[in-house]
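Here the structure comes first, spelled out in structure tokens, and everything after it is commentary.
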Amino acid sequence: MNAKGESTGPTVLVVADTATRVTAELSRRAPSLSAIPIDAATDASDVLNHLSEADCLVVDPTAGDFDTVERVREYDALLPIVLFTARDPAAFAEAAIRADVTDYVPATDEDAYDRLLDRIERRVTRYDRETVDRVSTRMQPLAAFTSDLHACTDELEAIEMAADAATQILAFDRCSFGIERDGMLRVVEERGDEHGEADVLPSDEGIAGLSYQSGEALLIDDVAAYPHVESDNEVALLSVPIGEHGIFQAVGDGVGVFTTEDHEAAVLLCDHLAETLSRIEREDEIAEQERFFREVLNSIPDPVYILDESLRFDTVNDALLEAVPYSRDQLVEMSVAEIPNDTVEGDFTTELQEILDSGGSFRGEIEVNNDGECIPYQLNTRRIVHDGEPMLLGVARDISERKAREEELRRQNERLDEFASVVSHDLRTPLNVASGRIELARETEDASHLGAAEDALDRMTTLIQDAMTLARDGRTVESPSPVELTPLVETAWNGVPADGATLSVPAESVTVLADKPRLQRCVENVLRNAVDHAEDPHIDVSVTVTGDTATLSICDDGPGIPADEREDVLQSGYTTSSEGSGLGLGIVARIAEAHGWGISLSESDAGGLCIELSRIALAE
């Protein structure tokens, strides 16, 4: 068009690496022609934006493949497309035919531009603008519908989009989309006037059933004249299968109101819809499988993991996320080798890589530090193959209870050894003394020997009682209960022959979690040890609270214990007194260990012995 709105010639889009040179030459030879250069590297959408003003498209396929031509054909099935290239036609003939190219002019000919102008003029002359407008009116919403379908993930939403597109593409009075369910076609979307038909139809009856079962699209100019149809309505019908999913039907009031172009457009629309519905079905099936897999995985109480070929976490269950101080997003970005040593103690990267490469399985033990709590796990890992790629599937079993049982068994064995030592060794001396004294009493008839024998038997009784206490109190405390420390210390003190000894206790009592009888024996043994090893000692008991734990300190002003002997006194059988069993402080150590407490010996401020029980849990 010129400034007055008069036609000045056709508008040609030139898409080529040399678009500027080609358009300049065309404009020089035919000033009335309007040539628009578009670089071949430009996105196809730039070409589509100019289609409304184009009468012809000139393309050089040396710029690449025929994607741009195919995109243009989706919007305009009749636009003349002329290839203008120096390439050998044998190299692109098949692709050109497939892309529905209109004509071809070799760019190497001497009269190439004259021939190109001639082809443009002849093709544009034959180009029916009214037909183009009609086709564009159909194809543009159809192309937009097709593009929008790519992002659609819901069946009903896709059908609603198809109904909207059908409204723009076809001229109907009413239409419906029926989806097959259990042998019935159920109408799920409608447009236009009330159709008056049933919303549910057998999938093998009527025109809808015939079209659906045969898979053929039917264009019926007069339904009343169609065989086996009882109808007095003078209407035309389009009945198009949506693949195996259902049926689309459009009704037009009047005979022969639908054209072949309507039929083709409806088939295209339903083909695209069927493809999308199949994709959504596949995606739903995959999503359902993934949901089921995730539910199964998360129902497993043990941590489960899948490692890819780089030993990176591909999949983890909820139990594993609870066991480590990382989120799912953090874990899937990590490999086994990248986990810090302060989080996981134990590196099996080499072993895991070996079974990934060669197959088999691996079992090992690690410790995981999760917010300060160290938990032992046993790893069981096996090589699997998924989509042709080797991966590792592993389960981590919390073995805290097993480790606790092993530790308890170890401690029990130690207690049995200690008991056996008392029976076999410590009891031997008083037993020999008693036997010797009784024998002397018999021989000499001197009753004084019986007193010494009685003392030896008392000594044996003490040893046996202490040995039994040691064995009994060393068992792990399973269910501690709240215990007030100050009253407990006072009760323990009442059970100790104190004579001139004195005791001070905290005025304000602290409540801790412990096995009360064992804690009382523990305190009583410490107090008795102080009384037995000093003359009229003063014993000071104090409690220090730090966070959610307490430390119980029992300090005296006696002779104390040399620093190099303090660890020995906690061992069973160690004593500096001929009267003691050597098990008193050993029992204290076992009771502390059974509770999971710490125990330490140091010099008190008064120069005596100070025994501290630490990490005692406070009661809530």
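The values are calculated or read from the model by the stated rules, or taken from the named source; none is laboratory data. In this text the structure is predicted, and so the values were computed from the model without any measurement. Methodologically, a virtual Cβ is constructed for each residue, glycine included, from the backbone with ideal geometry; neighbour enumeration extends over all protein chains shown. The protein model used for the area step is the full one, side chains on, heavy atoms only, and it has no ligands, DNA or RNA in it. Shrake-Rupley method; radii C 1.70, N 1.55, O 1.52, S 1.80 Å.
Between helix 129-149 and the chain there is an angle of about 10 degrees, using the helix long axis and the longest principal axis of the Cα atoms.
Only Cα pairs under 8 Å and 6+ residues apart enter the sum, and on that basis the relative contact order of region 476-619 stands at 26 percent.
Comparing Cα centroids, region 9-37 and region 355-386 end up 69 angstrom apart.
Taking amide H as placed 1.01 Å from N in the peptide plane, residue 40 has its amide H under 5 Å from the amide H of 16, 17, 19, each at least 5 places away in sequence or on another chain. Accessible surface calculations at 1.4 Å, restricted to protein heavy atoms, place the chain at 54 Å² per residue. The stretch between residue 90 and residue 563, if pulled fully straight at 0.36 nm per residue, gains 160.3 nm over its current Cα-Cα span.
The residues neighbouring residue 615, those whose beta-carbon lies less than 12 Å from its own, together hold a net charge of -3 under the Lys/Arg +1, Asp/Glu -1 convention. The H on the amide N of residue 539, modeled in the peptide plane, is under 5 Å from the matching H of 502, 503, 504, each at least 5 residues off or on a different chain. Across region 86-97, computed HN-Hα scalar couplings (Karplus, 6.51 cos²θ - 1.76 cosθ + 1.60, θ = phi - 60°) run 8, 6, 5, x, 5, 6, 9, 4, 4, 5, 5, 5 Hz from first to last residue, x flagging Gly and Pro. When the Cα gyration tensor is reduced to axis lengths a ≥ b ≥ c, the ratio a/c is 1.5 or higher for region 17-87, and with a/b not above b/c it is classed as oblate. What shape does region 144-208 take by its C-alpha gyration tensor, where a ≥ b ≥ c are the square roots of the eigenvalues and a/c under 1.5 counts as rounded, a/b above b/c as prolate, and the rest as oblate? Note, shape of region 144-208 comes out oblate.
Relative to the longest principal axis of the Cα atoms of the chain, the long axis of helix 584-595 makes an angle of roughly 20 degrees.
The stretch between residue 344 and residue 226, if pulled fully straight at 0.36 nm per residue, gains 34.7 nm over its current Cα-Cα span. Once both labels are positioned 7 Å from their Cα atoms along Cα-to-Cβ, the gap between residue 264 and residue 414 label points is 9.2 nm. On region 7-133, 45 percent of the accessible area sits on carbon and sulfur atoms, based on a 1.4 Å probe. Using only Cα atoms, find the angle between the long axis of helix 112-125 and the longest principal axis of the chain, and express it within 0 to 90 degrees, rounded to the nearest 10. Long axis of 112-125 versus the principal axis of the chain: about 80 degrees. Heavy-atom surface analysis with a 1.4 Å probe gives region 153-284 a carbon and sulfur content of 44 percent of its accessible area.
Shape verdict for region 7-133, please, from the Cα gyration tensor: rounded (a/c under 1.5), prolate (a/b greater than b/c) or oblate. Verdict is rounded for region 7-133. Taken along the Cα-to-beta-carbon direction at a fixed 7 Å, the label points for residue 111 and residue 499 span 14.0 nm. Structural descriptor for the chain: relative contact order 6 percent, calculated from alpha carbon pairs under 8 angstrom and at least 6 residues apart.
Take the Cβ atoms of residue 404 and residue 318, set R0 to 25 Å, and the FRET efficiency comes out at 0.50.
A helix-only calculation puts the chain at -13500 deg cm²/dmol for mean residue ellipticity at 222 nm, using -39500 (n - 2.57) for each DSSP H run of at least four residues, averaged over all residues.
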